[in-house]
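First the structure, in the form of structure tokens, and then the observations on it.
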Amino acid sequence: AQSVAQPEDQVNVAEGNPLTVKCTYSVSGNPYLFWYVQYPNRGLQFLLKYITGDNLVKGSYGFEAEFNKSQTSFHLKKPSALVSDSALYFCAVTSITGGGNKLTFGTGTQLKVEL
Amino acid sequence: EPEVTQTPSHQVTQMGQEVILRCVPISNHLYFYWYRQILGQKVEFLVSFYNNEISEKSEIFDDQFSVERPDGSNFTLKIRSTKLEDSAMYFCASTPGASGEADTQYFGPGTRLTVL
């Protein structure tokens, strides 16, 4: 069975400072990892994904994530946070299961960026 | 940019009633999904659908649930007899199917279902 852990319910950061939202995963086989962002009363917006290759993945809105196989982690990062980045962030994983391609999500991390 | 759309945005129903949630996936996408998110909880997979049949379903997706692609554009989720615990936000998603499990799933804005 596949699973995702987001150990922090909330992350607070000052605007302009770097941010990190943590994610660890468990999956059989090679993982495919995703980050999505959810603004209030909105759907899930895709940010970035890791499939294979370079461990540092760059995505939308200046976000990036680093895949670390030995630590089974896929932390989301941004060098300089904006107030508009405040939202709920979900990490998700899937792998080759032979059918379905279901995403398993973490519980989400609320990011709050303050002036 | 193409988007997944869902209707209605909010559905209120009485316990025991049937509801149908509608989704229009991105044109030329081949795989379709339903997920749900109970208020304050994580997003949970319900079902995936490809080539007019269910590919995979979760334990949540019991006999009260069904999915259908009645025409070339719509993808529906039916709950036959709603329960209070079905109250949640329901998300539809679709993928092109070109890269298998590596495909990005694009989500609609969701339908908030409230069962009274």
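Of the residues A:SER60, A:SER80, A:SER3, which single one is of a type outside the set (D, E, K, R), touching a residue at least 60 places away in the same chain (Cβ under 8 Å) and within 26 Å of A:LEU115 (Cβ to Cβ)?
Residue meeting the stated conditions: A:SER80.
Looking only at the range A:31-87, which residues are in contact with a helix residue (DSSP H, G or I) (Cβ under 9 Å, 6 or more places away or on another chain) and under 19 Å from A:GLY106 (Cβ atoms)?
So in the range A:31-87, the residues in contact with a helix residue (DSSP H, G or I) (Cβ under 9 Å, 6 or more places away or on another chain) come out as A:32, A:37, A:45-49, A:51-52, A:61-63, A:78-80, A:82, A:84-85.
Result: A:TYR32, A:VAL37, A:GLN45, A:PHE46, A:LEU47, A:LEU48, A:LYS49, A:ILE51, A:PHE63, A:LYS78, A:ASP85.
Out of the residues in the range A:41-83 meeting the condition of being charged (D, E, K, R) and not in a loop (DSSP other than H, G, I, E, B), tell me which one is surrounded by the fewest Cβ atoms within 10 Å (Cβ to Cβ).
That would be A:LYS58.
Taking the range B:60-100 only, how many residues are within 12 Å of chain A (Cβ to nearest Cβ) and either β-branched (Val, Ile, Thr) or in contact with a Lys or Arg (Cβ under 9 Å, 6 or more places away or on another chain) (or both)?
Summing the residues that are within 12 Å of chain A (Cβ to nearest Cβ) and either β-branched (Val, Ile, Thr) or in contact with a Lys or Arg (Cβ under 9 Å, 6 or more places away or on another chain) (or both) in the range B:60-100 gives 6.
Out of A:VAL113, A:VAL93, which single residue is of a type in the set (Val, Ile, Thr), crowded, with 17+ Cβ neighbours inside 10 Å and over 20 Å from A:TYR25 (Cα atoms)?
Values: A:VAL93 fails: over 20 Å from A:TYR25 (Cα atoms).
Going through A:VAL113, A:VAL93 in turn, just one is of a type in the set (Val, Ile, Thr), crowded, with 17+ Cβ neighbours inside 10 Å and over 20 Å from A:TYR25 (Cα atoms): A:VAL113.
Please state which one of B:ILE20, B:ILE60, B:ILE26 is among the β-branched types (Val, Ile, Thr) and in a strand (DSSP E or B). It would help to see each step written out before you state the result.
On the way: B:ILE60 fails: in a strand (DSSP E or B); B:ILE26 fails: in a strand (DSSP E or B).
The unique qualifying residue is B:ILE20.
Pairs only if they're at least six apart or on different chains, beta carbon under 9 angstrom, first in the range B:101-112 and at negative phi, second among the charged types (D, E, K, R) and modelled with pLDDT of 90 or more; list them, first residue then second.
Matching pairs, first to second residue: B:ALA102/A:LYS49; B:THR104/A:LYS49; B:THR111/B:ARG22.
The values are calculated or read from the model by the stated rules, or taken from the named source; none is laboratory data. Keep in mind it's a predicted model, so treat the numbers as computed, not measured. Neighbour counts are summed over all protein chains in view; Cβ atoms, including those assigned to glycine, are modelled from backbone coordinates with ideal geometry.
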